[in-house]
Amino acid sequence: MTFPAALFPDTTRLTPGNTLAVGGCDLVALAAQYGTPLYVYDEATVRARASSFRDAVVAYPGRATVCYAAKAYCAPWLLRMLPALGLGLDVVSGGELHAAARADFPRDRIFFHGNNKSEDELLDASAEGVRRVVVDNLDEIVLLARVAAKRDARTAVLLRVGPGVDAHTHAHLLTGAEDTKFGLDIASGAAEAGVRAILARPKLELHGFHAHIGSQIREIDPYRELVERLFAFAADMRGKTGFVAREISPGGGYGVRYTMEEPDARPADMIRDVARIVADAARRHGFADPFPDLTIEPGRSIIAPAGVALYRVGSVKRSARTYVAVDGGMADNIRPTAYDAKYTAVLASRVEDGEPAEVAIAGKYCETGDILIQKVALPLPRVGEVIAVPVSGAYQLAMASNYNMAPRPAVVVVADGRARRVTARESYDQILANESV
């Protein structure tokens with residue numbers, strides 16, 4: 001097996017002892033020090049990704065903001081880092097907003113999304129003074145107007161619209177097709193009803209339109225179609241209501257490469273293309289004086305490549321195939337079970353050692369579907385050795401559970417040869433802290 005260097009964090013190196021190091025820290029040593037499962041984030045990769053995306057929108061002729069989508073992975077250490085890199089933040093819940101406030105993320109860079117925000121969440125958003133609330137439906141307009149009246153404050157909003165664009169991705173990752181729970185559909189007239197409802201409420205201040213078509217998108221054409229439909233709708237609303245959109249957000253969803261069999265993903269190039277497409281559409285539809293503010297929302301494509309999951313081998317069992325059982329699985333990474341997501345792995349304890357064997361990496365949980373990797377070629381692992389799974393930074397810890405009463409993993413961040421633990425491993429008592437007997 002050729003080492004899949006392109007999938008690992010930027011600072012990954014092979015040590016003289018034939019083990020893997022990230023950020024100058026030996027992964028096998030980290031597993032021994034902090035236990036497994038262990039999630040390791042490379043600070044340099046986060047900084048490089050965030051900076052490349054910010055640089056990709058510099059040429060846009062109006063104001064452009066890159067917002068990190070916190071749902072991919074929300075942690076105080078990360079939220080402390082991103083503002084200095086010039087990023088904004090996309091949150092989708094009161095919990096994510098609380099984490100942002102605790103990390104002192106600049107409130108004027110926070111966009112609050114979500115398809116069913118509660119009154120308490122909207123009150124918190126108003127109290128914190130977030131930059132925009134992204135309205136999803138007609139009922140939310142009524143609720144948000146009531147919240148704004150309670151606080152005697154005008155609330156700046158974007159309206160999320162359904163553009164009816166098929167992004168050619170997994171069905172569970174589609175968010176902008178005609179049949180979706182997100183936003184108000186343009187084609188049916190629901191989006192126009194949303195515009196009129198917002199404009200009729202003096203406590204709400206409409207700034208523009210938002211759409212999101214899905215995740216793991218690798219082609220530019222769906223974004224081109226999305227942007228065209230957004231501006232056509234904005235021009236239609238300008239003619240019918242007099243409202244001039246001052247902000248446009250075509251969302252995020254840029255693809256990430258999880259295995260070497262998948263095509264290379266270049267999200268910074270796609271973001272640069274999207275910014276150009278938005279500028280062109282603004283000119284054609286009469287929104288270039290001035291250009292509307294542009295907001296894009298990458299999450300996975302920033303944080304996924306920075307993370308590596310480490311597991312320790314507990315057994316090697318040969319039946320119809322060879323199963324290598326590790327001490328994690330679907331409780332810390334539900335994606336293979338939920339989305340049939342594909343990953344690869346490296347034997348971090350012996351990266352290059354003779355002829356590889358084809359094995360399945362099995363999780364420890366009581367589900368037949370708890371297989372992290374169906375097929376991967378590795379030096380035949382031994383009990384006690386450490387396996388490293390790259391591209392593990394997004395939608396793993398964010399969706400982790402206590403299935404089988406498993407504690408959620410510890411997390412360390414590495415940089416310049418030093419590791420700092422940012423999340424302690426959960427204890428059994430912490431799992432039961434809210435229970436009563």
Fill in the blank from the handout: When (1) modelled with pLDDT of 95 or more; (2) open to solvent by 20 Å² or more (accessible area, probe 1.4 Å); (3) hydrophobic (A, V, I, L, M, F, W, C); (4) under 24 Å from residue 395 (Cα atoms) are applied to residue 134, the one that fails is (2)
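Within the range 386-410, can you find the residues that are open to solvent by 30 Å² or more (accessible area, probe 1.4 Å) and of a type in the set (Ser, Thr, Tyr)? It would help to see each step written out before you state the result.
As a first pass, look at the range 386-410 and keep what is open to solvent by 30 Å² or more (accessible area, probe 1.4 Å): 395, 397-399, 401-405, 407-408.
The answer is 395, 401, 403.
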Exercise for the section: Could you run through the range 307-361 and say how many residues are assigned to a strand (DSSP E or B), of a type in the set (Gly, Ala, Ser) and closer than 25 Å to residue 44 by Cβ? Expected result: 2
Completion exercise
residue 202 fails exactly one of (1) part of a helix (DSSP H, G or I); (2) of a type outside the set (S, T, N, Q); (3) surrounded by fewer than 22 Cβ atoms within 10 Å (Cβ to Cβ), namely (1)
Exercise for the section: Could you tell me which residue of the range 370-386 is farthest from residue 216 (Cα to Cα), considering only residues that are under 24 Å from the mean Cα position of the chain (by Cα) and among the aliphatic types (A, V, I, L, M)? Expected result: 371
Exercise for the section: Mind listing whichever residues of the range 30-83 are closer than 22 Å to residue 411 by Cβ and in a strand (DSSP E or B)? Expected result: 38, 39, 40, 41, 42, 68, 69
Practice task
Check residue 413 against each of (1) open to solvent by 30 Å² or more (accessible area, probe 1.4 Å); (2) farther than 19 Å from residue 326 by Cα; (3) among the β-branched types (Val, Ile, Thr) and name the one condition it does not meet.
Solution key: (1)
Fill in the blank from the handout: Over the range 235-289, the set of residues in contact (Cβ under 8 Å) with a residue 12 or more places away in the chain, open to solvent by 10 Å² or more (accessible area, probe 1.4 Å) and under 16 Å from residue 59 (Cβ atoms) is 268, 269, 270, 272, 273, 276, 277, 288
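Each row is one residue, and each column tells you yes or no for (1) touching a Leu at 6+ places or on another chain (Cβ under 8 Å); (2) under 30 Å from residue 335 (Cα atoms).
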{"position": "188", "(1), (2)": "no, no"}
{"position": "214", "(1), (2)": "yes, yes"}
{"position": "218", "(1), (2)": "no, yes"}
{"position": "228", "(1), (2)": "no, no"}
Completion exercise
Checked pairs for the range 85-108, first farther than 12 Å from residue 128 by Cα and in contact (Cβ under 8 Å) with a residue 40 or more places away in the chain, second of a type in the set (S, T, N, Q) and open to solvent by less than 10 Å² (accessible area, probe 1.4 Å), C-beta under 9 Å and 6 or more apart or across chains, list as 88/295; 90/295
Exercise for the section: Output the qualifying pairs, or none if there are none: Cβ atoms under 9 angstrom, residues six or more apart or on different chains, first residue in the range 320-348 and at positive phi, second residue open to solvent by 10 Å² or more (accessible area, probe 1.4 Å) and acidic (Asp, Glu). Expected result: 329/367
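Given the criteria open to solvent by 20 Å² or more (accessible area, probe 1.4 Å), of a type outside the set (Ser, Thr, Tyr), touching a Gly at 6+ places or on another chain (Cβ under 9 Å) and in contact (Cβ under 8 Å) with a residue 40 or more places away in the chain, does residue 63 qualify?
Values: open to solvent by 20 Å² or more (accessible area, probe 1.4 Å): yes; of a type outside the set (Ser, Thr, Tyr): yes; touching a Gly at 6+ places or on another chain (Cβ under 9 Å): no; in contact (Cβ under 8 Å) with a residue 40 or more places away in the chain: yes.
Against the criterion (open to solvent by 20 Å² or more (accessible area, probe 1.4 Å), of a type outside the set (Ser, Thr, Tyr), touching a Gly at 6+ places or on another chain (Cβ under 9 Å) and in contact (Cβ under 8 Å) with a residue 40 or more places away in the chain), residue 63 does not qualify.
The values are calculated or read from the model by the stated rules, or taken from the named source; none is laboratory data. Keep in mind it's a predicted model, so treat the numbers as computed, not measured. Please note: Cβ atoms are built from the backbone with ideal geometry, for glycine as well, and neighbour counts cover all protein chains shown. We work out accessible area using only protein heavy atoms, side chains counted, and drop any ligands, DNA or RNA first. Shrake-Rupley method; radii C 1.70, N 1.55, O 1.52, S 1.80 Å.
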